[in-house]
Amino acid sequence: MAAVQETVDKVKSIDVDAYKYGFVTDIESDKAEKGLNEDTVRFISAKKGEPEWLTEWRLDAYRRWLTMREPTWARVDYPKIDYQDLYYYSAPKSMSGPMSLDEVDPELLRTYEKLGIPLREREILAGVQGASTRVAVDAVFDSVSVATTFKAELAKAGVIFCPISEAVQSHPELVRKYMGTVVPVTDNYFATLNSAVYSDGSFVYIPPGVRCPMELSTYFRINEQNTGQFERTLIIADKGSYVSYLEGCTAPKRDENQLHAAVVELIALDDAEIKYSTVQNWYPGDSEGKGGIYNFVTKRGDCRGARSKISWTQVETGSAITWKYPSCILRGDESRGEFYSIAISNGRQQVDSGTKMLHLGRNTSSRIISKGISAGRSNNTYRGQVFAHRKATGARNFTNCDSLLIGNKCGAHTIPYIESRNANAIFEHEATTSKISDDQLFYCMQRGLSAEEATALIVNGFVRDVLQQLPMEFAVEAQKLISVSLEGSVG
Amino acid sequence: MLEIINLHAEIDGKKILNGLTLTVKDGEVAAIMGPNGSGKSTLSYVVAGRSDYKVTGGDVLLNGQSILELGAHERAAKGLFLAFQYPLEIPGVTTMTFLKASINAQRKQRGEPELSTPDFMKKVRAAAAKMGVKDEMLRRPLNVGFSGGEKKRLEILQMVLLEPSFAILDETDSGLDIDALRIVGDGVNSLRAKDRGFLVITHYQRLLDHIVPDTVHVQSQGRIVKSGGPELAHELEKNGYRDYVAAAA
C-alpha cells in the first residue's frame, strides 16, 4: 500500500544507472588531431612504429571506408555520428610504449585499482575471496595498452599475451598471417573503420598442445572525452590448445556519447578450444538517455580446424546502444560453436545483439542460449542467424531465446534468420517471452524480500543457465552487475 | 495477536471487504469459512500487504501495532506469514536458494546476522524431514513442476522455517489427498504455541479435523456474519451457508 508506493518512489529516485565506474581519471594525454583523414591514419601508424605493410593495410581500409555507408538495419535509433568531430588516438602522456609494472603511472594503477582490476601480479579479481585462480590482465586505457601482467610466466608455457601493437613488432609473421582473416578489412562499416584507425588491443597465441595455465583478460577503459576507442583483439589457438579469455569494460559518465568500435578475431585450429567471456559494463547513459557509449563491435570466431570449438559468453549491461553479434564460422569438420548471452537493458538503452552460426563443415554443431531482459523504457532485440552450407551434412543447431519484461514501457524482440541449404541439417529454435508478474513479486515479498531483492532473485533465476557458463570470478561479478543494472526497474 | 478492525478494502474500484472485524489472540487458531466470492482470499491479501488492494477504512494490528503502512516484506519481517492458495513458480531459482534468501532477508530487516550456510542447512534438513520434503525437491526450481500437494507441503515447510508470530493459511487443504492433508495438519499443529496465532481459511470441515480450531467464523459479502466454536463448522457442513448469506444481504 502506501509504504509499498513509498518504496517504489524511492527506488525510482535512485539514478537509473547507479553506475559506479563513472569517475574520470585526471591524466594528461597525447592525442591525434580531431577528425579523420589519411594523415590521422598515418599518424597512428607512425605512433606505433608500424611496418610499411601495416600502414598500407590501414590506408586501404580507410579508403574503402570512405565508400561505405553506416548500416541502418539494426533496431536502434541514434543521431548521426559526426566522424570528423572525434579524436581517433589518445594515450596517457606518461606512456611512451609498453613498460614494466613498476614504471606505470601511479595514477593509472589507482584507476584500475578503483575499478577492481588487479594490475599487480598475484592479485585476483575483486569480489571473490579465497579464489585460487590467477588472471593475467592486459589493461587498455583509451588507445593504448598500459600494462600486461604475468607475461614472463606465460612465456614459460610458450603463450604469447601482449598488446597487439607489441605483437606487430615482436611476432609480425603471426599478426600478418592471421589479422583480417576472420573479419576482413571490408567486412562492415565499423570493422573497416576499426581496421583503419585501431590503436591497440590484445594479442594471444597459444602454441600447439598447450593448455593456457591461467585465465587471460583484457580490461578496456575509455577515459578521454570525444574519443573513440577502436581496439583490436586477435586470439590464435594452435592445434590441440585451450584458452579461456575474459574481457571487461567501463567508461566515465559523460553527457556526450562515446564511440566504441572494436574488432575481435578468434582462430581455433584442429582440436583447439577458445572460450571468450565478456562482461560489458560501458556507461549506459542517464535515465533520460543522455550520454553513454555506442558499442558497435564486430566479434567473430573461426573454427578453422577439425573438432575445434569456440564459445562466446556475454553479459551485456552497459552502453547506450549495443550493436554486436559474436559469431562462429564452423569451417572445420565436427567443429562446435556456442553462444551464451545475457543482455540487460534499462533506462533508455537500446540493444540489438545476437549471433551468427555459419555451418560450413560436416557434422558441425552449435548452440545458442540468449536471455534478454528489458526494463525501464529500453528496447532489447535478439537478432541471430543460423546457416548451413550445402556441404554441411549433419549440421545441428539448437537455439533458445528467452525474453523477460519488467514493467510495461519496454520492448523485447526476437528476429531469427534460419537458412539451410543441406536437407540433412537439423535446426531447432525455441523462444519465449515472459513478464515478472505482480503475483511472483508479491509472493517473494510475503517471504521477506523487498521488491528490488525479489526482482533480482527472479532475474537471476531467469539467467541461470548462462551464468553457469561464466568463469567463477566473473559469474560473481556478473551477478552483482545484474542487480545494479536493474536498480530502479521496479514500479 | 491479529486485530482486524472495521476493515474496508477494494480492488479496481470494486468493494470487497465491508467493515470486517475479527480478533485472533495469541495461541488461538481461528477458522474462517464462507461461500465463494465472500472475500476470504482478499482478506488474506490485504492483511499480507498486496499493493493492488486499496484499504479505504479500518485498521489491522499485528501484536498491537498497525501494519497498514508497511510493505509486504516489512510485514513478513514482523512475523506475518501467508500460506498461498496458489503458490507461485520461480523458474531457475532453486527451492534451497529461495528459502535462504527469505530467511536472510527477514533477518536483515530485523537487524539480525545472516544465517551461516551450515546452520541454514541443518535447519532446512530438519524441517524438510518433518514435512516429508525430499532433498531432490529442494534442489529443483521453486514450485516448478511440483504437484499441488508438493506445493502446499512446501508452503508449510516455509512456515516452519520462518517461525512467524502469526500465520494465515489460505485454502491450504485444496488439492491435497488424505495423506498430504495429515502431513500439513501435523506441520501446523507442531507450530501451535502460546505466542502464535493462526487464521485458517477453508471451505471444508475436513482440514479442521486435523487442525482443530478454537473459534470458527463465517464470512459473507466482506464481513464476519457469525462466530462460534468448532461446532459451527460441523453445522455449516450439514446446512451450508444459505442462512448466513441471506442474513448478510
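The values are calculated or read from the model by the stated rules, or taken from the named source; none is laboratory data. Treat the numbers as computed from the prediction; the structure is a model and nothing was measured. Don't worry about glycine lacking a Cβ; one is built from the backbone with ideal geometry, like all the others, and counts go over all protein chains shown. Quick note on the areas: whole protein, heavy atoms, side chains included, nothing else; ligands and nucleic acids left out. Shrake-Rupley method; radii C 1.70, N 1.55, O 1.52, S 1.80 Å.
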For this session: Spot the failing condition for residue B:56; the list is (1) closer than 30 Å to residue B:190 by Cα; (2) modelled with pLDDT of 95 or more; (3) surrounded by fewer than 20 Cβ atoms within 10 Å (Cβ to Cβ), and only one is missed.
Result: (1)
Exercise. Among the candidates B:79, B:111, B:13, B:37, which residue alone is of a type in the set (Gly, Ala, Ser) and either touching a residue at least 40 places away in the same chain (Cβ under 8 Å) or within 11 Å of chain A (Cβ to nearest Cβ) (or both)?
Worked result: B:79
Problem set entry | Residues that are open to solvent by 60 Å² or more (accessible area, probe 1.4 Å), on the phi < 0 side of the Ramachandran plot and not basic (Lys, Arg), drawn from region B:136-146 | B:136
Problem set entry | Index of the failed condition, residue B:120 passing every other in (1) within 18 Å of the chain's Cα centre (by Cα); (2) away from chain A (no Cβ under 11 Å); (3) open to solvent by less than 40 Å² (accessible area, probe 1.4 Å); (4) closer than 23 Å to residue A:458 by Cβ | (1)
Problem set entry | Matching entry among A:480, A:391 (being within 30 Å of residue B:162 (Cα to Cα), away from chain B (no Cβ under 13 Å), surrounded by fewer than 18 Cβ atoms within 10 Å (Cβ to Cβ) and out of contact with any His (no Cβ under 8 Å at 6 or more places or on another chain)) | A:480
For this session: Could you check region B:1-118 for strands (runs of 3 or more DSSP E) lying wholly inside it with 2 or more residues that are among the basic types (Lys, Arg)?
Result: B:14-24
Exercise. Which pairs have Cβ atoms under 8 Å, sit 6 or more apart or on different chains, and link a residue in region A:451-465 that is outside any helix (DSSP H, G or I) to one that is surrounded by fewer than 24 Cβ atoms within 10 Å (Cβ to Cβ)?
Worked result: A:463/A:482; A:463/B:92
For this session: May I ask you to verify whether residue B:69 is surrounded by fewer than 22 Cβ atoms within 10 Å (Cβ to Cβ), within 25 Å of residue B:19 (Cβ to Cβ), within 8 Å of chain A (Cβ to nearest Cβ) and of a type outside the set (Phe, Trp, Tyr)?
Result: yes
Problem set entry | Which numbered condition residue B:64 fails, given (1) in contact (Cβ under 8 Å) with a residue 60 or more places away in the chain; (2) crowded, with 19+ Cβ neighbours inside 10 Å | (2)
Exercise. Taking region B:82-107 only, how many residues are buried (at least 20 other Cβ atoms within 10 Å of the Cβ) and more than 8 Å from chain A (Cβ to nearest Cβ)?
Worked result: 3
Problem set entry | Subset of region B:43-52 (residues that are touching a residue at least 40 places away in the same chain (Cβ under 8 Å) and either of a type in the set (A, V, I, L, M, F, W, C) or more than 8 Å from every other protein chain (Cβ to nearest Cβ) (or both)) | B:43, B:44, B:47, B:48
Exercise. When you look at residue B:175, is it at positive phi and more than 14 Å from chain A (Cβ to nearest Cβ), yes or no?
Worked result: yes
Seminar exercise, completed: Residues of region A:402-413 being without any contact (Cβ under 8 Å) to a residue 40 or more places away in the chain and not in a loop (DSSP other than H, G, I, E, B), in sequence order, are A:403, A:405, A:411
Exercise. Taking into account only those residues within region B:123-132 that are in a helix (DSSP H, G or I) and free of Cβ contacts under 8 Å to residues at least 60 places away in the same chain, which is most open to solvent (accessible area, probe 1.4 Å)?
Worked result: B:125
Exercise. Which one is surrounded by the fewest Cβ atoms within 10 Å (Cβ to Cβ) among residues in region A:395-451 that are farther than 28 Å from residue B:154 by Cβ and among the aromatic types (Phe, Trp, Tyr)?
Worked result: A:417
Seminar exercise, completed: For residue B:165, the lone unmet condition from (1) among the hydroxyl-bearing types (Ser, Thr, Tyr); (2) within 13 Å of chain A (Cβ to nearest Cβ); (3) touching a Gly at 6+ places or on another chain (Cβ under 9 Å) is (2)
